[in-house]
1. In whole Hz, with x marking every Gly and Pro, tabulate ³J(HN,Hα) for region 136-152 from phi via Karplus 6.51 cos²θ - 1.76 cosθ + 1.60, θ = phi - 60°.
2. Cα atoms only, region 161-211: Rg and Dmax in Å?
3. Run the quick spin-label model on residue 72 and residue 15: label points 7 Å from Cα toward the beta carbon, then report their separation in nm to one decimal.
4. Using a basic spin-label model with each label point 7 Å from the Cα along Cα→Cβ, how many nm lie between residue 208 and residue 95?
5. Label point 7 Å out from residue 155 along Cα-to-Cβ: which residues of region 161-191 have amide N under 13 Å?
6. Measure off 7 Å from each Cα along the Cα-to-Cβ vector at residue 57 and residue 132, then give the distance between these two points in nanometres to one decimal.
7. For residue 174, give me every one of the lysines with a C-alpha distance below 28 angstrom, ignoring sequence neighbours fewer than eight places off in its own chain.
8. Once amide H atoms are placed 1.01 Å from N in the peptide plane, what residues at a sequence separation of 5 or more from residue 145, or on another chain, have their amide H within under 5 Å of its amide H?
Amino acid sequence: MTLDTSLLVGLGVGALIMWLLQWFLYSVLRSGEGDAHDDHTADELQAAQQELETLKHSHAAEVAGCEEKLADAEAELASLRVELEDAVAAAQSTADKDDDTAKMPAVNPPFLSDAPAAADELETMTDPDPPAPPEPDNLQKIEGIGPKIEQILNEAGITTFANLARTSVATLEKIVREDGGIKVAYPDTWPQQAGMAAAGNWDDLERLQDKLQGGRKA
């Protein structure tokens, strides 16, 4: 049952109830004409009037609720119509764009025609020989590094002062102590010394080494 039908049915039922009450009151009034002072009839009349007022209020509340639901439904319907119109407009716009795209002629970028020649030229280019690895430095110039430790470091890929300067103390301890088996080795200052040596700061390195003992600060 739709909302409009429910409203009409409610109005019809209310009207029927009001007509029946009015007929009842009319019958009571006619039966009481012979005795205007009949208390019992007056009580019945008063009760009927109260019941009529109660029904009026109840019916008015029901009608108001139906009207509110009807207004909400109309607002929702209007919102749905707006959304539908927006969706249709968006679909039409997309269809128009697709048509314009389909009508655009295919374009072959100029650089694509040169691609095969560029590929051939790239294939003919020969890579130069890779640069030779740097000459190893004498790592024994670092305080605390002797021939055995230098050999262990070289086997680990540390052959220059720059390599040594970039290696953390924790890594050096693992390479020398754990992997190399040299327990008495203290690489705490090796990266610092190697940095000075790599930069050619031999005077600073010598002053630092005067304060060291076996690679550690005395």
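1. For region 136-152, the Karplus-derived couplings read x, 8, 7, 5, 6, 6, 8, 4, x, 10, x, x, 5, 5, 4, 4, 4 Hz, x marking Gly and Pro.
2. According to the Cα coordinates of region 161-211, Rg and Dmax are 11.7, 33 Å.
3. It works out to 2.7 nm between the two label points.
4. Going by the 7 Å Cα→Cβ label model, 7.8 nm.
5. Those under the cut-off are 175-182.
6. 11.2
7. Answer for residue 174, where 28 Å is the Cα cut-off: 141, 148, 183, 211, 217, listed by chain and number.
8. Sorted by chain and number, the residues that satisfy this come to none at all.
FYI, it's all coordinate maths here, none of it is from the lab. Values in this document were obtained by computation on a predicted structure and should not be read as measured data. Counting neighbours? That spans all protein chains shown, and the Cβs are built from the backbone with ideal geometry, glycine included.
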